[in-house]
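Some notes on the structure that comes next.
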Amino acid sequence: MRAGRVRAARLAALLVAALLAVPVLAACVGDDTAGDPWDGQRPDALTVATGGSTGIYHAYGTAVAQVLEDRYDVPVEVAETGGSVENLQSLDDGTAQVAFSAADAARDAVAGEGEFDEPLDLRALARVYDDFLHLVVPADSNVRSIDQLRGRRVSLGAPRSGTALIAHRLLAAADVPAADLSDARLGLDASLEALRAGEIDAFFWSGGLRTPGLTALADEVPVRLVPLGDLVEEVRSRYGSGYRHGIVPEGMYGSSRVVETLAVPNFLMVRSDMPDAEARTLVSTLFDARGQIATQVPSAANLDRVRAIFTDPVELHPGALRYYRDTKD
């Protein structure tokens, strides 16, 4: 009798365990999105708006695209562009889904100021790294300050680029009318070639350290950076606190000294209507693959959870915000 009761109790326990396991098993079998970071909303393809082929935007975008393709089999087009303003407009018109932008251009976009006729409904995924303003001249040039650009052939950057935006602001802060110089309006790639050929006397470039194309130029032609640090406070007072003092270290691009300049953060931007799961997965990928990306783009090593959330006045996308909250220490 006692053995029979024991067997019955064991059978009852097994039956209860089996019944409890059924919903769990059904959930695992029936939910195709279980373990899917995209929550069933994986994009068919993505276009990332970057910049010129020799700049960091393009290198960073290419590295991120490779990770997305390898990990998730998502085809990614890396679009070469004129820079920040064009990138943000590409997001707005839907020709790009992800874009790099300097913070000042992003601020203008969401406010509907400057190059933007009306506010754009955009959000940030992360502050990724900081740009440094380069005013590049041949090493033997007698240009030692921004006011000595008057009457010279200078590229202020490609139209609709972040470089052109900041270059014009620097000239205004220095009381140097843009009309006092001959603006070649070239992107980075063309500026490098024009300086190499002696077709321009100087060019502005806003980019991370170190910019591949400028490193290659300095290996061929001795160049020098003109200090811009004395203009930072005036630029900040006129255009906002997003700008800060920056330093280009000694040895960079062959420099024999530290060069003080202006720095501005870069954001990775998307439209506000991007699905939350998609935005979260993009941010997660940035951080999970940071080491891999940094082997190709050293600036990627600067990605930091603490600083990444500081995208004011651009709001973080809710999906990005969810990532930062979920991974908070």
Quiz item: If you take the residues in the stretch 294-321 that are in contact with a helix residue (DSSP H, G or I) (Cβ under 7 Å, 6 or more places away or on another chain), open to solvent by less than 50 Å² (accessible area, probe 1.4 Å) and of a type in the set (Val, Ile, Thr), which one is modelled with the lowest pLDDT?
Solution: Val297
Exercise. Report the residue count in the stretch 177-197 for those that are without any contact (Cβ under 8 Å) to a residue 24 or more places away in the chain and assigned to a loop (DSSP other than H, G, I, E, B).
Key: 2
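Quick test for you: out of Val143, Val136, pick the one residue that is buried (at least 22 other Cβ atoms within 10 Å of the Cβ), at pLDDT 95 or above, outside any helix (DSSP H, G or I) and over 21 Å from the mean Cα position of the chain (by Cα). Spell out how you get there, then give the answer.
On the way: Val143 fails: buried (at least 22 other Cβ atoms within 10 Å of the Cβ).
Just a single option satisfies the conditions, and that option is Val136.
Would you call Arg160 surrounded by fewer than 17 Cβ atoms within 10 Å (Cβ to Cβ), part of a loop (DSSP other than H, G, I, E, B) and not hydrophobic (A, V, I, L, M, F, W, C)?
Values: surrounded by fewer than 17 Cβ atoms within 10 Å (Cβ to Cβ): no; part of a loop (DSSP other than H, G, I, E, B): yes; not hydrophobic (A, V, I, L, M, F, W, C): yes.
Answer is no for this residue.
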Exercise. Select from the stretch 252-290 the residues that are of a type in the set (Asp, Glu) and under 30 Å from Ala218 (Cα atoms) and list them in ascending order.
Key: Glu260
Quiz prompt | Residue ID - least open to solvent (accessible area, probe 1.4 Å), chosen from residues in the stretch 271-293 that are without any contact (Cβ under 8 Å) to a residue 40 or more places away in the chain and over 15 Å from the mean Cα position of the chain (by Cα) | solution = Gly291
Quiz item: Pairs, please: C-beta under 7 Å, at least 6 apart or cross-chain, first residue on the phi < 0 side of the Ramachandran plot and in the stretch 246-270, second outside any strand (DSSP E or B) and acidic (Asp, Glu)?
Solution: Ser256/Glu250; Arg257/Glu250; Val258/Glu250; Val264/Asp104
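Select the helices (runs of 4 or more DSSP H) contained entirely in the stretch 198-293, then report the ones holding at least 1 residues which are at pLDDT below 95. Can you show your working first?
On the way: elements: 212-220, 232-239, 276-288.
Correct list: 212-220, 232-239.
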Quiz item: Looking at Ala105, is it assigned to a helix (DSSP H, G or I), open to solvent by 10 Å² or more (accessible area, probe 1.4 Å) and in contact with a Gly (Cβ under 9 Å, 6 or more places away or on another chain)?
Solution: no
Practice problem: Return a yes/no flag: does the stretch 72-94 have any residue that is more than 25 Å from Ala178 (Cβ to Cβ), open to solvent by less than 40 Å² (accessible area, probe 1.4 Å), small (Gly, Ala, Ser) and in contact with an Asp or Glu (Cβ under 8 Å, 6 or more places away or on another chain). | Solution: no
Self-check item: Test: Ala167 is farther than 27 Å from Leu91 by Cα and part of a helix (DSSP H, G or I)
Solution: no
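The values are calculated or read from the model by the stated rules, or taken from the named source; none is laboratory data. In this text, all values refer to a predicted model and were calculated from it rather than measured experimentally. Ideal geometry is used to build each Cβ from the backbone, glycine not excepted, and the neighbour counts take in all protein chains shown. The protein model used for the area step is the full one, side chains on, heavy atoms only, and it has no ligands, DNA or RNA in it. Shrake-Rupley method; radii C 1.70, N 1.55, O 1.52, S 1.80 Å.
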